[in-house]
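Here is the structure we will look at.
Coordinate-derived values only; no laboratory data. Worth saying up front: this structure is predicted, and the values here are computed from it rather than measured. Methodologically, a virtual Cβ is constructed for each residue, glycine included, from the backbone with ideal geometry; neighbour enumeration extends over all protein chains shown.
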Ligand code: GLN
């Protein structure tokens, strides 16, 4: 059924960079056989799942949305996909993304632009736009995305699905193509909070292959889904996020959703995070800096594309000039500049200090409340082409999601209504470190 939907819808939605039909059918048959034999099957067994194409899948092309990796077939499996294989999911394909996860619309993909299933002229958000669109169009049940500055939550919001960026270190990054390593985190997309909880329970956990992986017990996250909200739960509205640049309908809809939380018994408070607004500028120093180092590995020798030239440096430069797209080049240049001798203290070090201040704002907030809420994205889905000429306006899409990555906290986007054109609006819930339990609890009670 899902394969049929993919066949019918893909010419319009273009969520997938590759569809792994043969593998999917053979896996599905194995599950069928188990069922026929009367064996018990796990919760995720046989579930059609899509994987963002920046997670390595052994023997299956992994492009990261870049021409430089157009023919790259990984010789190993990422930890997350390994865990999902073990849980018995059926991988239906690899989804589109902005090249190297740099973007907020999938328009920076080196291959195709994905359409928003709610309005095909609009973008699905990004960078995990393919995964969000695939879940929204029911081309799969659940999907994995990655989130460095909002790339799970913003597309979830624009496509009307649930998306969670877990606490930094909760999910292994082994086999995830690195963008900005101190911010990158893998997480689930789903149509319900329960499905997201099931998926996170399967992918989370300590992994010795990722040096930033946390050694913590992983609960079954579905135990936190209860019909009613815990008594005395305190919810903080981040005052600053309701300021300039926020679409009026988005503001009103999220305010309504917060009122519903109050009706459900939550105590609502306004909370100020005054340094939140420095998140975006700090991010656009830190993320490109880390990216410029991470992307140095694409040298025409170890991976992917090679353009021959007369000498080694010539080979590096023609390969990189042909293989990388405009946005990736912009970030490599920004990062290389910010890290260069003499500028390091002024830019990178300063941005890291800002990062600490943002963390302190969150720490203070969580002394007063259990969970913070704000809009996920300042607008609903925008038209393809609308922001491509102005990188700064595109960067502003992530105003409210970026501080969460800088502080390493978990953040979830859940659908909370529609604008007057019928486009979905998302509300972001932010928890303290490793408090995914509260996010699931509140999101489920709201849903
Ligand atoms: N849109 C942001 C960027 O372009 C965030 C991307 C992400 O989270 N991967 O960097």
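Taking a point 7 angstrom from the Cα of residue 420 along the C-beta vector, which residues in the stretch 243-260 have backbone N less than 20 Å away?
Under 20 Å, as judged by backbone N against the label point of residue 420, lie 245-257 of the stretch 243-260.
Testing the spin-label approximation: label points 7 Å from Cα along Cα→Cβ at residue 85 and residue 25. State their distance in nm.
About 2.1 nm separates the two model spin labels.
Which whole-number percent of Cα pairs in the chain have a distance greater than 44 Å?
Details: 7504 of 99681 pairs.
The proportion of pairs with Cα distances above 44 Å equals 8 percent.
Figure the gain on full extension for residue 262 and residue 120 (residue separation times 0.36 nm, minus the Cα-Cα span) and round it to one decimal in nm.
Gain on stretching residue 262 to residue 120: 47.6 nm.
Just grab the label-to-label distance for residue 437 and residue 310, each label 7 Å out from Cα along the Cβ direction, in nm (one decimal).
6.7 nm
Would you please give the FRET efficiency between residue 244 and residue 1, computed as 1/(1 + (r/R0)^6) with r the Cβ-Cβ distance and R0 = 30 Å, to the nearest 0.05?
Once rounded, the FRET efficiency stands at 0.05.
GNM, the chain, Cα, under 10 Å: largest mean-square fluctuation among 392, 406, 97?
392
How long, wide and thick is the stretch 362-447, going by the Cα atoms along their three principal axes, in whole angstroms, largest first?
Between the extreme Cα coordinates on each principal axis of the stretch 362-447 lie 41, 28, 17 Å.
Over the C-alpha atoms of the stretch 75-179, what are the Rg and the largest Cα-to-Cα span, Dmax, in Å?
Values for the stretch 75-179 (Cα only, Rg and Dmax): 13.2, 38 Å.
Out of all Cα-Cα pairs in the stretch 2-224, roughly what percent, to the nearest whole number, are more than 27 Å apart?
24 percent
Which order results if 147, 345 are arranged by neighbouring Cβ count within 10 Å, fewest first? Don't skip to the end; give the middle numbers.
Details: 147 29, 345 8.
With the sparsest Cβ surroundings first, the list reads 345, 147.
Can you compute the label reach from residue 272? Point 7 Å from Cα along the Cβ direction, backbone N cut-off under 17 Å, restricted to the stretch 227-241.
Answer for the stretch 227-241: 236-241.
Using the count of nearby Cβ atoms within 10 Å as a rough guide to exposure, how do 26, 104, 201 rank from fewest to most?
26, 201, 104
If we count other beta carbons within 10 Å of each Cβ, what is the order of 255, 5, 14, fewest first?
255, 5, 14
At a Förster distance of 35 Å, what's the computed FRET efficiency of residue 447 paired with residue 389, Cβ-Cβ distance as r, to 0.05?
Plugging the Cβ-Cβ distance into 1/(1 + (r/R0)^6) gives 0.40.
Distance in nm between label sites at residue 299 and residue 35, each 7 Å beyond Cα in the beta-carbon direction?
Label-label distance for residue 299 and residue 35, simple model: 5.1 nm.
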